[in-house]
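The values are calculated or read from the model by the stated rules, or taken from the named source; none is laboratory data. Fair warning: this is a prediction, and the values are worked out from it, not measured in the lab. FYI the Cβ positions are ideal-geometry reconstructions off the backbone, even for glycines, and counts take in every protein chain you see. To get the accessible areas, we keep the full protein, side chains included, count just its heavy atoms, and leave off ligands, DNA and RNA. Shrake-Rupley method; radii C 1.70, N 1.55, O 1.52, S 1.80 Å.
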Amino acid sequence: MSDAEGSMRPSPKALPFHNEPLADFSRKELRAAMQLALDDVASQFGIEAPLIIDGKAIDTRKQLASHNPSKKSQVVGTASCATPEQAEKAIEAARRAARSWGRVPHERRVEHMELLAAEMRNRRFELAAWIVYECGKPWSEADGDVCEAIDFCMFYAMQMRELSIPVHCDLPGEENRFSYRPRGVAVVIAPWNFPLAILTGMVAAALVAGNTVVMKPAEQSSIIASKLMEIAREAGIPDGVLNFLPGIGEEIGPTLVESPDVDIVVFTGSRPVGLAINKAAAETSPLQTSVKRVIAEMGGKNAIIVDEDANLDEAVQGVIGSAFGFSGQKCSACSRVFVLAPCYDPFLERLASATASLKIGPALDPATSLGPVIDLAAKQRIEDYIALGKEESRLVYGGDVGPLEKEGFFVAPHIFADVDPQSRLSQNEIFGPVVAVIKVSSIDQAFEWANATEYALTAGLYSRSPRTIDRARKELEAGNIYINRPITGAMVNRHPFGGYKMSGIGSKAGGRDYLLQFLIPVTVTENTLRRGFAPPSEDETET
Ligand code: NAD
């Protein structure tokens, strides 16, 4: 490429990235390893997780107790509960550490992320066991959570290596260099439903890009988050660079989001909280030195369309996996199914009988396909929607949890048919094992109604028609569109994840644009004519 044309960043190639393989629990030795980890973690129940600010452990008088959702009498551990003053202290610590961390060569930050990933790999069953107990995730889902956390560390490390190569666009007498700098202090506010993966993803992206972090996990998953903090310290992340701040969102959230010393707010959670954060972060204080960047990944009301020529066996399995996996507590979960009239009745019949075969049980039991929901508030909210469904539509399947009712927060899967596409059941995110099935007279109506929601996170189609598949690619309004497969289970790099409309204002997690949100692009232009030509540049990097 000639100097006159300038040099450009090469177009992205297939990257040498491999997803962490999921555990195959049909293998006896892996089942035994997981069981050993579960026993070992159970022997640690009652552990305490202090705040960690500037490397110092701080116990608070107020505590957050984490109960096992499968067995509510069991306290998995207790975490300290930060006050707004402690939130300020954590931000101050992160601010103090920002300058030196931002100047650490990117290679070292990348190594820290690789060490984090390596340590998670060493402890994968132990981490999965904490997830089983604290969040009620069945074995394979808990294992997937750990694998995704490892993937995020490795993927963002790889991306940072690429982004650290400055782009030159030089002309005779003019040298131009485009590179990135860290933004500063990031506040990470996470949900409980991917207690390790999502938290790790947001933290790793911020750290590897050279920002310091105040990590605020969800109340329900503070113990797992404390394990990430532990691993980060073992991986040598310096004091103050990552601060651990468990606490109640409504109490410390405003301090974190409104602080003039915070440059990025990275949030994943519900729409009301995400929108409130976006609004609060837009208020600019005279003490502020940068306009805050908000990354907010929010909820979904995701649809699957079942075309009249679809393979119904596949469609039924896909809907069941997408709607009831982790008891419907995934932002990507299917909660509406639009079925073409000719196959509506057979589809419903098969869906109901396949759902009846799901085994509801404690997450600890490897045979469980449907574990508990996260807590009492979630159970009550879901049961209110079930009561509404019974009033407004036709109940096709509604199981019973039997004696589990007394043990934990269990809700049986529910299928409603003939649901009004504008009803609350069809429009509100329920975040539980409840699915609304709706008959449509044409594929046009299916697309129209599937898109008739404020959200745009995931969507799917089961069809054998190339024309309909092509329409789905273009017309379905969702950040992640899946064809002839379940709509959950996005994998880092392969399926960069995130929505639009009211589902999100960030760029896709696990995708190549994600890290850019944590960086400031800077162009340096030097007139080299005045001094004659400079010797070849040494390619020094800023990030
Ligand atoms: P939530 O919004 O209740 O809580 C998320 C986090 O926000 C928690 O850490 C909470 O303590 C904190 N928070 C609460 N009030 C706050 C406030 N006023 N200021 C600052 N922080 C505050 O969500 P949740 O119940 O933990 O998670 C479930 C939700 O997350 C669902 O809506 C789901 O769709 C969504 N989610 C989205 C994605 C995605 O990638 N789009 C992924 C996972 C979950």
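General remarks:
- Among residues of region 186-198 that are under 18 Å from Tyr133 (Cα atoms), those with a Cβ under 6 angstrom from a residue that is more than 9 Å from the ligand (Cβ to nearest atom) and open to solvent by 10 Å² or more (accessible area, probe 1.4 Å), sequence gap 6+ or separate chain, pair up as Ala197/Glu148.
- Scope region 478-509; condition of a type in the set (D, E, K, R), part of a loop (DSSP other than H, G, I, E, B) and within 15 Å of the ligand (Cβ to nearest atom); matching residues: Lys508
- Checklist (1) farther than 24 Å from Asp145 by Cβ; (2) of a type outside the set (Gly, Ala, Ser); (3) not in a strand (DSSP E or B) applied to Arg512, failing item: (1)
- Applying the condition of being open to solvent by 50 Å² or more (accessible area, probe 1.4 Å) and more than 22 Å from Lys406 (Cβ to Cβ) to region 59-80 and asking which residue is nearest to the chain's Cα centre (by Cα) yields Gln63.
- Flag for Asn278 being more than 10 Å from the ligand (Cβ to nearest atom) and open to solvent by 30 Å² or more (accessible area, probe 1.4 Å): yes
- Any hit, region 186-194, residues being open to solvent by 10 Å² or more (accessible area, probe 1.4 Å), away from the ligand (no atom under 13 Å from the Cβ) and modelled with pLDDT of 95 or more: no
- Residue list for region 298-320, restricted to those being polar (S, T, N, Q) and closer than 16 Å to Gly499 by Cβ: Asn302
- Residue check, Ser164 over 17 Å from the mean Cα position of the chain (by Cα), within 16 Å of the ligand (Cβ to nearest atom) and not β-branched (Val, Ile, Thr): no
- Region 401-459 - residue that is within 16 Å of the ligand (Cβ to nearest atom) and more than 28 Å from Met491 (Cα to Cα) and, of those, surrounded by the most Cβ atoms within 10 Å (Cβ to Cβ): Phe409
- Total residues in region 393-438, condition within 30 Å of Ser66 (Cβ to Cβ) and not in a strand (DSSP E or B): 21
- Sole exception among (1) touching a Phe, Trp or Tyr at 6+ places or on another chain (Cβ under 8 Å); (2) part of a helix (DSSP H, G or I); (3) within 16 Å of the ligand (Cβ to nearest atom) for Gln380, by number: (1)
- Flag if Pro286 is outside any helix (DSSP H, G or I) and buried (at least 24 other Cβ atoms within 10 Å of the Cβ): no
- Taking each residue of region 41-52 that is open to solvent by less than 40 Å² (accessible area, probe 1.4 Å) and looking for partners that are in a helix (DSSP H, G or I) and aromatic (Phe, Trp, Tyr) with beta-carbon atoms closer than 6 Å, six or more apart or interchain, yields Val41/Trp130.
- Screening Pro246, Pro182, Pro238 for residues that are at pLDDT 95 or above, within 19 Å of Ile58 (Cβ to Cβ) and away from the ligand (no atom under 16 Å from the Cβ) leaves exactly one candidate, Pro238.
- Cβ-Cβ under 8 Å pairs, at least 6 apart or on other chains, region 243-267 side assigned to a helix (DSSP H, G or I), far side among the polar types (S, T, N, Q) and away from the ligand (no atom under 11 Å from the Cβ): Glu251/Thr83; Ile252/Thr83; Ile252/Gln86; Glu258/Ser285
- Inclusion of Ser73 among residues that are touching a His at 6+ places or on another chain (Cβ under 9 Å) and hydroxyl-bearing (Ser, Thr, Tyr) is warranted.
- Taken over region 74-115, the criterion of being without any contact (Cβ under 8 Å) to a residue 24 or more places away in the chain and within 20 Å of Glu219 (Cβ to Cβ) is satisfied by Glu85 alone.
- Matching residues, region 226-235, being of a type in the set (A, V, I, L, M, F, W, C), more than 16 Å from the ligand (Cβ to nearest atom) and part of a helix (DSSP H, G or I): Ile231, Ala232
- Positions within region 249-275 being away from the ligand (no atom under 13 Å from the Cβ) and hydrophobic (A, V, I, L, M, F, W, C), in sequence order: Ile264
- All conditions but one from (1) out of contact with any Asp or Glu (no Cβ under 9 Å at 6 or more places or on another chain); (2) open to solvent by 10 Å² or more (accessible area, probe 1.4 Å) apply to Asp143; the one that does not is (2).
- Ala387 among the hydrophobic types (A, V, I, L, M, F, W, C), modelled with pLDDT of 95 or more, in a helix (DSSP H, G or I) and surrounded by fewer than 17 Cβ atoms within 10 Å (Cβ to Cβ): yes
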